[in-house]
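Notes to accompany the following structure.
The values are calculated or read from the model by the stated rules, or taken from the named source; none is laboratory data. All values derive from a computational prediction rather than experimental measurement. Here Cβ is always computed from backbone atoms with ideal geometry, including for glycine, and neighbour counts include all displayed protein chains. Side chains included, ligands, DNA and RNA excluded: accessible areas come from the protein's heavy atoms. Shrake-Rupley method; radii C 1.70, N 1.55, O 1.52, S 1.80 Å.
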Amino acid sequence: MSETFSAEARLIHAGTTREAAEPTAPPLVPASIYVSEGEPRRDRAYGREGNPGWEALEDALGGLEDAQAVAFASGQAASMALMLALARGRDRIVLPTDGYYGARVLAAKLNPHGATAVHADLQDLAAVARELKAGPSVLWAETPTNPLLRVSDLAGLAEVAAAADAPMIVDNTTATGLLQRPLDWGAAASLYSLTKAISGHSDVIAGAVVSRDAELISELRGWRTSGGGIPGPFEAWLALRGLKTLPLRIARQSDSALAIASHLAGHPRVRAVHYPGVEPSTLALAQRQMPGGFGPLLSFEVDTGRAADRVVAGSRLILPATSFGGVESTWERRARWPGETAPDGLIRLSVGVEPAADLITDIDHALNTLQEA
Ligand code: PLP
């Protein structure tokens, strides 16, 4: 569609044509094979190489960042393809100390294959530069991080990465391409778990990589075809359907999350609140990098792990569940997951689209159970 229109407008029309009698919703094509003889057309011969539903989703995702996208079976399948594509000739993957723990686990699994996972505090540019210069590296950035919602400086990170000749990847799952465009700050690729806010209804596992580097995109397609980490046609269809309402959902979720974080910051039972909109040390940076809002995810700390379990169990509206970005609010004590390094008493809250006042009533009720303890 014409570039005259905004990314949001193009998003709504992704996968739809203006041809008479064509469906307005993109067709769901659950085909493992296509009619094909002679020299095969690679994207329409065998279902592991192409599906019209992936292509519609990829057009929409790419359009958000003026780039191309490759969709995968999950965020982790996308990360694995990206790590494999970039680790060749580079023996170090530099990851944040406080980012998504699954990326650290995955990178560590590449150790026996010659890529060493090392960790750095992404807010410390000198430390990142040191790690990147210690050998040919990939910088695997994440901002805001899951679950501490720490914001790091994408322009600064891109600069130290370029000085070390290291490609920078940004896991942009918590913000989405609507609130933050890592490629504009110098990233080689943005990585997404589409399982979260992009699909938005807690009914899909999928992932994607978005990049302006045609060679990288083609290599990722190769890894997807050979490795088989393809999205199911129905998952791609659901992800695109969800993506079309992302602008509406994320605006409301960001407003509510900011109101809740501000409320929690003044709560006597809460030790600390983590949200880009209430963290003075990085507020100006967050406003610059995320001009449209700070997203649905926040976390806060109570005194102990036991207290956190009690709070989570005390809600009547917010569901106890993992993951984030869905229309329903969910929360969990994050340290219940082995491998997670979050403080014991940290609760990660994914703010849904329920009215903020209802959520605050529910949170206050759950925190009040601590007084009864
Ligand atoms: N990146 C982040 C920031 C995540 O939170 C997750 C999952 O929780 C992933 C990547 C992995 O995504 P998926 O669960 O779709 O494989």
**OP:** Among the residues of segment 191-246, count how many are open to solvent by 60 Å² or more (accessible area, probe 1.4 Å) and near the ligand (Cβ under 10 Å from one of its atoms).
**Re:** 1
Subject >> Subset of segment 59-85 [assigned to a helix (DSSP H, G or I), more than 16 Å from the ligand (Cβ to nearest atom) and within 19 Å of GLU219 (Cα to Cα)] >> reply: ASP59, GLY62, ALA85
Subject >> Residues satisfying the stated conditions in segment 116-145, i.e. buried (at least 23 other Cβ atoms within 10 Å of the Cβ), in a loop (DSSP other than H, G, I, E, B) and among the aliphatic types (A, V, I, L, M) >> reply: LEU122
**OP:** Please indicate, with yes or no, whether at least one residue in segment 268-278 is free of Cβ contacts under 8 Å to residues at least 24 places away in the same chain and open to solvent by 20 Å² or more (accessible area, probe 1.4 Å).
**Re:** yes
**OP:** Find all pairs meeting these conditions: Cβ atoms under 6 angstrom apart; at least six residues apart or on different chains; first residue within segment 188-201 and within 13 Å of SER79 (Cα to Cα); second residue in a strand (DSSP E or B) and open to solvent by 10 Å² or more (accessible area, probe 1.4 Å).
**Re:** LEU191/ASP171
**OP:** Please indicate, with yes or no, whether at least one residue in segment 287-299 is touching a residue at least 12 places away in the same chain (Cβ under 8 Å) and more than 21 Å from ILE198 (Cα to Cα).
**Re:** no
Subject >> Pairs with Cβ under 6 Å, 6+ apart, first in segment 311-326 and closer than 24 Å to GLN76 by Cα, second more than 16 Å from the ligand (Cβ to nearest atom) >> reply: PRO320/VAL312
**OP:** Count, please, the residues in segment 175-204 that happen to be in a loop (DSSP other than H, G, I, E, B) and farther than 16 Å from GLY242 by Cα.
**Re:** 5
Original post:
Within segment 307-330, is even one residue open to solvent by 40 Å² or more (accessible area, probe 1.4 Å), at pLDDT 95 or above and of a type in the set (Lys, Arg)?
Top reply: yes
Original post:
Quick check, is ALA108 surrounded by fewer than 24 Cβ atoms within 10 Å (Cβ to Cβ) and assigned to a helix (DSSP H, G or I)?
Top reply: yes
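Per-residue answers, yes or no, for (1) surrounded by fewer than 20 Cβ atoms within 10 Å (Cβ to Cβ); (2) free of Cβ contacts under 8 Å to residues at least 12 places away in the same chain:
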{"site": "PRO26", "(1), (2)": "no, no"}
{"site": "SER36", "(1), (2)": "yes, yes"}
{"site": "ARG41", "(1), (2)": "yes, yes"}
{"site": "ARG48", "(1), (2)": "yes, no"}
{"site": "TRP54", "(1), (2)": "no, no"}
{"site": "LEU57", "(1), (2)": "no, no"}
{"site": "ALA60", "(1), (2)": "no, no"}
{"site": "GLU65", "(1), (2)": "no, no"}
{"site": "ALA69", "(1), (2)": "no, no"}
Original post:
Which one of these does LEU95 not meet: (1) within 16 Å of the ligand (Cβ to nearest atom); (2) open to solvent by 20 Å² or more (accessible area, probe 1.4 Å)?
Top reply: (2)
Subject >> Top-ranked residue of segment 174-190 - restricted to ones that are among the aliphatic types (A, V, I, L, M) and within 12 Å of the chain's Cα centre (by Cα), ranked as farthest from the ligand (Cβ to nearest atom) >> reply: LEU178
